[in-house]
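See structure below.
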Amino acid sequence: MITFVWAEDENGLIGKGGSLPWNLPNDMKFFKEVTLTGNVLMGRKTFESIPNPPLKKRENVVLTRQTDLEIDHVLVMHTKEEVLEYAERTDKPLHIIGGSDIFELFVSDVDMLYKTKIHDQFSGDTFMTSINYQEFDLVEEKEGILDDQNSHRHTFQIYKRK
């Protein structure tokens with residue numbers, strides 16, 4: 001099973017200069033809960049943006065065009081086909097966590113969507129790929145709790161491909 005896990009603002013913004021444009025600990029908690037159920041796939045730039053990589057307790061897979069790239073304790077792959085074969089061989093979900101080029105590459109292959117919708121607008125330079133939500137059913141939706149550390153209204157949404 002292939003999933004997407006991401007947060008976006010009202011305009012589909014997902015990044016700014018290689019990082020998140022917001023601070024939302026609730027989203028980080030949701031991200032961790034979801035991704036700990038399987039393995040994670042990301043592009044090289046997303047991997048480099050993670051503080052203290054790789055992500056713990058998950059197999060980390062980096063998809064890159066750099067054929068000579070080697071990263072300790074990380075599976076490095078170079079083609080979509082290689083990733084799809086890997087996803088078929090494992091009994092764990094493969095959670096795609098970015099960036100936008102990686103989401104775009106797998107948009108026709110994704111089975112589940114784990115989205116945090118942030119009900120605000122931010123400035124940034126990276127946007128989520130277009131997803132045809134008519135191909136998915138919304139199976140769960142939960143409002144995020146606002147507090148002194150989570151000041152942006154947000155909703156957690158889970159979609160399953162029809």
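Can you name every residue in the stretch 122-153 that is free of Cβ contacts under 8 Å to residues at least 24 places away in the same chain and in a helix (DSSP H, G or I)?
Gln134
Report, by residue number, each residue of the stretch 100-121 that is touching a Lys or Arg at 6+ places or on another chain (Cβ under 6 Å), not acidic (Asp, Glu) and not in a strand (DSSP E or B).
Pass one, the stretch 100-121, residues touching a Lys or Arg at 6+ places or on another chain (Cβ under 6 Å): 105, 111-112, 119.
Among the residues that remain, those that are also not acidic (Asp, Glu) are: 105, 112, 119.
Answer for the stretch 100-121, where residues must be touching a Lys or Arg at 6+ places or on another chain (Cβ under 6 Å), not acidic (Asp, Glu) and not in a strand (DSSP E or B): Leu105, His119.
How many of the residues making up the stretch 138-152 are under 19 Å from the mean Cα position of the chain (by Cα), of a type outside the set (Asp, Glu) and over 12 Å from His119 (Cα atoms)?
The qualifying residues number 3.
Looking only at the stretch 133-158, count how many residues are in contact with a strand residue (DSSP E or B) (Cβ under 6 Å, 6 or more places away or on another chain), closer than 21 Å to Asp120 by Cα and surrounded by 13 or more Cβ atoms within 10 Å (Cβ to Cβ).
Of the residues in the stretch 133-158, 7 are in contact with a strand residue (DSSP E or B) (Cβ under 6 Å, 6 or more places away or on another chain), closer than 21 Å to Asp120 by Cα and surrounded by 13 or more Cβ atoms within 10 Å (Cβ to Cβ).
Values in this text are rule-based calculations from the coordinates and carry no lab data. The model shown is predicted, which means the values in this text are computed figures rather than measured ones. Virtual Cβ from ideal backbone geometry, glycine too; neighbours counted across all protein chains shown.
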